[in-house]
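Asks: Pasting a structure here, questions to come.
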Amino acid sequence: MTDTPTTMAELRERISSSYAALEHTIGQLSDQQLTMPIDGSWSAKDLLAHIAAWEQVMLHFHVGDRPFEEVTRLTSVPYASTPVDQINEAFHQRDRDLPLAQVLQSFHSSHQELMTTLDRMSEADLFKLYTPAGRGPDSSGRLIDWIIGDSYDHYDEHRATMERLLSA
């Protein structure tokens, strides 16, 4: 979906629906499938760690106003000057050796933290103008756009990749 939710209830529904679809896909995969490379690249486990990492950035950096380097523990990867692909690779290097059980636990707890955070936010909070610390006005938008990008849009994007394992 490309249209932006207009209420908190609609945002929560889209997040919950997309998360449930991703959980359904994960539930169909064996531990072996979750840890094998997809198309010679990242595994489903790597993608789940990646989703959780960006969800934590959204929760604690974008919403919580904590420093990016503190949230990510990537002290040599400054948010303001590092391209997203390089940040993604830094997350991958940081998390790739984590056990599957730990990644799954982080993925689930991060989602629960998101839903709890949304409980404490107002609709006005969602639609406030926001520019991430260290970024210029070309990165400005509404806070909801960052929440969408690091929740249901991200779940859908990587679920599609993981579903290729089901037909392999």
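Asks: Being in contact (Cβ under 8 Å) with a residue 60 or more places away in the chain and either more than 11 Å from the chain's Cα centre (by Cα) or not in a helix (DSSP H, G or I) (or both) is the requirement here; does Leu114 meet it? Can you show your working first?
Replies: Values: in contact (Cβ under 8 Å) with a residue 60 or more places away in the chain: yes; either more than 11 Å from the chain's Cα centre (by Cα) or not in a helix (DSSP H, G or I) (or both): no.
So Leu114 does not fit the description; no.
Asks: Continuing with the same structure: Here is a list: Ser43, Ser16. Which entry is surrounded by 14 or more Cβ atoms within 10 Å (Cβ to Cβ) and within 20 Å of Asp145 (Cβ to Cβ)?
Replies: Going through Ser43, Ser16 in turn, the sole match is Ser16.
Asks: Which residues, taken from the stretch 98-122, are among the acidic types (Asp, Glu) and surrounded by 15 or more Cβ atoms within 10 Å (Cβ to Cβ)?
Replies: Glu113
Asks: Does Thr2 satisfy the condition of being modelled with pLDDT of 95 or more, part of a loop (DSSP other than H, G, I, E, B) and either more than 15 Å from Phe107 (Cβ to Cβ) or of a type in the set (Asp, Glu) (or both)?
Replies: In short, no.
So that you can scan it fast, the table gives a plain yes or no per residue for (1) at pLDDT 95 or above; (2) touching an Asp or Glu at 6+ places or on another chain (Cβ under 9 Å); (3) over 20 Å from Glu113 (Cβ atoms):
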{"position": "Thr7", "(1), (2), (3)": "yes, yes, yes"}
{"position": "Ala20", "(1), (2), (3)": "yes, no, no"}
{"position": "His24", "(1), (2), (3)": "yes, no, yes"}
{"position": "Leu34", "(1), (2), (3)": "yes, no, yes"}
{"position": "Leu48", "(1), (2), (3)": "yes, no, no"}
{"position": "Ala53", "(1), (2), (3)": "yes, yes, no"}
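Asks: For the subset of the stretch 140-160 comprising residues that are aliphatic (A, V, I, L, M) and touching a residue at least 40 places away in the same chain (Cβ under 8 Å), which member is nearest to Ser17 (Cα to Cα)?
Replies: By that ranking, first place goes to Ile148.
Asks: Evaluate the stretch 74-97: report whether one residue or more is basic (Lys, Arg), surrounded by fewer than 17 Cβ atoms within 10 Å (Cβ to Cβ), out of contact with any strand residue (DSSP E or B) (no Cβ under 6 Å at 6 or more places or on another chain) and at pLDDT 95 or above.
Replies: Yes: the stretch 74-97 contains one or more residues that are basic (Lys, Arg), surrounded by fewer than 17 Cβ atoms within 10 Å (Cβ to Cβ), out of contact with any strand residue (DSSP E or B) (no Cβ under 6 Å at 6 or more places or on another chain) and at pLDDT 95 or above.
Asks: Only one of these is under 22 Å from Tyr152 (Cβ atoms), over 18 Å from the mean Cα position of the chain (by Cα) and not hydroxyl-bearing (Ser, Thr, Tyr): Ile38, Ile15. Name it.
Replies: Just a single option satisfies the conditions, and that option is Ile38.
Asks: Now a separate question. With the condition kept exactly as written, say whether any residue in the stretch 143-159 is farther than 30 Å from Gly27 by Cα and in contact with a helix residue (DSSP H, G or I) (Cβ under 7 Å, 6 or more places away or on another chain).
Replies: yes
Asks: Right, something else. Output the residue which, of all residues in the stretch 47-87 that are among the aliphatic types (A, V, I, L, M) and assigned to a loop (DSSP other than H, G, I, E, B), is farthest from Glu23 (Cα to Cα).
Replies: Restricting to residues being among the aliphatic types (A, V, I, L, M) and assigned to a loop (DSSP other than H, G, I, E, B), the top hit is Ala80.
The values are calculated or read from the model by the stated rules, or taken from the named source; none is laboratory data. Keep in mind it's a predicted model, so treat the numbers as computed, not measured. Ideal geometry is used to build each Cβ from the backbone, glycine not excepted, and the neighbour counts take in all protein chains shown.
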